[in-house]
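The values are calculated or read from the model by the stated rules, or taken from the named source; none is laboratory data. Because the structure is a prediction, the values reported are computed rather than measured. Please note: Cβ atoms are built from the backbone with ideal geometry, for glycine as well, and neighbour counts cover all protein chains shown.
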Amino acid sequence: MIRAELTRWPGNKTPAFLMLDDLGDMRVGEAREGDWGFAGLEPDSTWEFFNQTYRRALPNLRVALFVSPGRFLNAPASSGLKLYRGGKLAELLRIVARERWAEIGFHGIDHTTPDGRPECEGVDDIQEWLRRGRARLEEMAGTAVLGGKCPSYRGYERVADHIGSAGFRWWADAWTPIQGGRGRFHGGREITASPSGVRLIPANLGAYTGLYRKRARIAEMLTMPRKRSRLLAKARFLLEKGIPITIQTHYAALRPDGKRQAYNLYDDRPLLLPLLLGLNGLVWWALPREICDYLDTLERMSFRLDGFTIIISSQNPLWEVSFKVHPCPAFLRTPEGYRIYPKNGLFTFLPRTGAYEAVF
């Protein structure tokens, strides 16, 4: 006889991903300049900086970019006018869409209404806003957009009933300690994100001035070790609870006066990069759509034990699952006769229907 149990997450590792926020936010780049990386080819672009600084150090990192594709293209006051009219944002999004480690999420059309309210609170027809915004973003990026989040984490109660009907598969909610369920979004999954202090935001390095802040002062840099310790302590708490970890910063528009949107890839590097490196190997770097694939797989499978055999019933598995088996056999023999060997005490495989025999 054997005992077997499913781990909560694949490889018994909590999922985590980096959020790059406000790409295309119409409020940013007030001089119609800014640096969205354009096609990612220019020297010193944000896109090049991100790849050289973060991606080179963490090849397995998964990144969700939350984009406001823009609507007021002909408005004289539109801060994104130069970027949108020239098609550079769309060019960058199409480059991002080709990367297997990246996912594009909807983050409002303009992020903020003309009267300054976050769009989830300020638009009249929320269902039409979701439908039209998703369609526009998909047209620009040339790929399916499966999820998103509300600008400024406000207005969730207005979008909750329309996520599925608008074609979204997931939505990044404000903090709720979910257990991997569907949360409160009708037809879509809830991907946990927390603005309440548990979500890891490597911020507060410099003085805020509205949306922007100056570079971190030397005196504040002296507190860096303590801030790193606090962030890692929060990460350990989430790891112990098995709660998905989101690490948020902004893509960082550059202005002629040298200020950037707070917080951002540049100014957060002293905290952000060590944090990501500290999590590497401890977490399952996973895109929101991959987390959905895994949770969908769990919902559509069941298993029972029969002596030394695990009998699985599964429909269209999308992701691997992990089993702890006691006592641990030398391998599991699949229904097709293949062998699955344990790694770190776990048997991880795509759960197809059939009998998996424990061989000692």
Collect the residues in segment 310-342 that are without any contact (Cβ under 8 Å) to a residue 40 or more places away in the chain and in a strand (DSSP E or B), keeping them in residue-number order.
-> SER314, PHE331, LEU332, ARG333, ARG339, ILE340
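Results for (1) exposed (fewer than 15 other Cβ atoms within 10 Å of the Cβ); (2) not polar (S, T, N, Q), shown as yes or no for each residue.
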residue	(1), (2)
ILE310	no, yes
TRP319	no, yes
SER322	no, no
PRO335	yes, yes
ALA358	no, yes
Report the residue count in segment 289-308 for those that are exposed (fewer than 14 other Cβ atoms within 10 Å of the Cβ) and out of contact with any strand residue (DSSP E or B) (no Cβ under 7 Å at 6 or more places or on another chain).
-> 3
Tell me, which residue of segment 245-288 that is of a type in the set (A, V, I, L, M) and over 20 Å from ALA57 (Cα atoms) is modelled with the lowest pLDDT?
-> LEU254
